[in-house]
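For reference, the structure is listed below as structure tokens.
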């Protein structure tokens, strides 16, 4: 098929009813380093693998606090992510000012999806090249959403996006039935185990290249600090999901 | 099928007078999950199938049927982001109409405005047609129960029963066979579940969820989700019906 005729802008449908530019934008997400999220009845945990552009550079942050009750992890074009992050933070602040309460998570994700969709329907614009995992807690419960460049969004029990994320998703499919009743510590260890499945053979997890963010019903969003990360990575050696089943 | 060089822009007619870009947008709807709208004796039902493409997805979320106001609902078939854009416009139109005239917009007026909006995106080369068909169901005291479908071309018609998506052929033949006008909404649920299950006959092994909403005399004539236990019962009975049909063959 003469793909090149139909894939140069967002305003051309292919004969099969596809928008190639939007599909190409989704590829940008797959190029980003892995980030994943998982939730229990009380907590949500975000884990990401950070990349270092060069030996002398720092590691690129992948998780951003939106409000006390909400945070995102990004995969894809960081610059595009910054735009969405700023938008979400502004919306949360305005909501708080008007209604004196936290922005419901699902509604903010809907707004982000709407914004993303507008960028897929104009000849002069391009879709956002970033996928977000939005973790949040509101009176409706504990949430984990994924947003896509296409403007689609989905609510998940746990999800991994980015490079080599299939390995992490496979881990999740085996063990996600345990997450609902997991403690925060177990959740973090599951998250790190899943990330471990997705790293290259010669790579190792350490406190510099891993980022873990936690959120709970009575716990505002925080990052684990370097010492806590080191401790968890050490605990990882002893951790196995089987041991959790035996406890129950 | 290729329109040679006449299919690259929505602002180009082909030599036979077709606009290929609109037809390609309709293709996107035809390849997506089936949505049904049916008027029964005592109300209207909107229903859609949702494939759970990942076991990690949360149950009964990721909706495709929304409220426009308390008595009007919209179901989206095709690309959900495009459909949600149309939904936001429909909500704004409905809200504006009510501000001006102090009564809810009738489905006829509302779908007319939505259809004009959808059509506008088929006229300019700097934009593209929406890749979704939307169904509007509503009740108001002047016009009773109404059901409309708006296609990516901007065409809109009022229906007794309508469907779009992969399983539309299966559903249309079921519509011809059964007179939904004589069934109550509660009775019709089984047949709707049956249509949705038959619609994905080829993908039987995958897990599906069914989203159904209704506006009926029995639920205060408001657009609400059908209670989950009724949906589950309808699906169970529908599966039995399908088995009986197959054994009979």
Residue that is in contact (Cβ under 8 Å) with a residue 60 or more places away in the chain and within 23 Å of the chain's Cα centre (by Cα), where the choices are A:215, A:229, A:236: A:215
Hits in segment A:151-166 - residues which are within 10 Å of chain B (Cβ to nearest Cβ), crowded, with 24+ Cβ neighbours inside 10 Å and in a loop (DSSP other than H, G, I, E, B): A:151
Criterion (in contact with a helix residue (DSSP H, G or I) (Cβ under 9 Å, 6 or more places away or on another chain), within 14 Å of chain A (Cβ to nearest Cβ) and either without any contact (Cβ under 8 Å) to a residue 12 or more places away in the chain or assigned to a helix (DSSP H, G or I) (or both)) met by exactly one of B:118, B:114: B:118
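Residues that are facing chain A (nearest Cβ under 8 Å), in contact (Cβ under 8 Å) with a residue 12 or more places away in the chain, buried (at least 22 other Cβ atoms within 10 Å of the Cβ) and in contact with a helix residue (DSSP H, G or I) (Cβ under 6 Å, 6 or more places away or on another chain): does segment B:33-42 have at least one?
No, the conditions are met nowhere in segment B:33-42.
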Qualifying residues in segment B:188-218 (those that are part of a helix (DSSP H, G or I) and free of Cβ contacts under 8 Å to residues at least 40 places away in the same chain) - the one nearest to residue B:137 (Cα to Cα): B:201
Residues of segment B:77-93 satisfying the condition of being away from chain A (no Cβ under 11 Å) and buried (at least 23 other Cβ atoms within 10 Å of the Cβ): B:77, B:90
Number of the exception - residue B:174 against (1) touching a residue at least 40 places away in the same chain (Cβ under 8 Å); (2) over 14 Å from the mean Cα position of the chain (by Cα); (3) surrounded by 16 or more Cβ atoms within 10 Å (Cβ to Cβ); (4) in a helix (DSSP H, G or I): (1)
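Answer with yes or no whether residue A:62 is under 15 Å from residue A:146 (Cβ atoms) and more than 10 Å from every other protein chain (Cβ to nearest Cβ).
The answer is yes for residue A:62.
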Hits in segment A:179-189 - residues which are surrounded by 19 or more Cβ atoms within 10 Å (Cβ to Cβ) and either within 13 Å of another protein chain (Cβ to nearest Cβ) or out of contact with any strand residue (DSSP E or B) (no Cβ under 6 Å at 6 or more places or on another chain) (or both): A:179, A:182, A:186, A:189
Residue in segment A:119-138 that is within 24 Å of residue A:42 (Cβ to Cβ) and surrounded by fewer than 24 Cβ atoms within 10 Å (Cβ to Cβ) present: yes
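Laboratory data are not the source of any read-out in this text; all were calculated from the coordinates shown. No experiment lies behind these values; they were computed from the predicted model shown. Glycine gets a Cβ as well: all are built from the backbone with ideal geometry, and neighbour counts include every protein chain shown.
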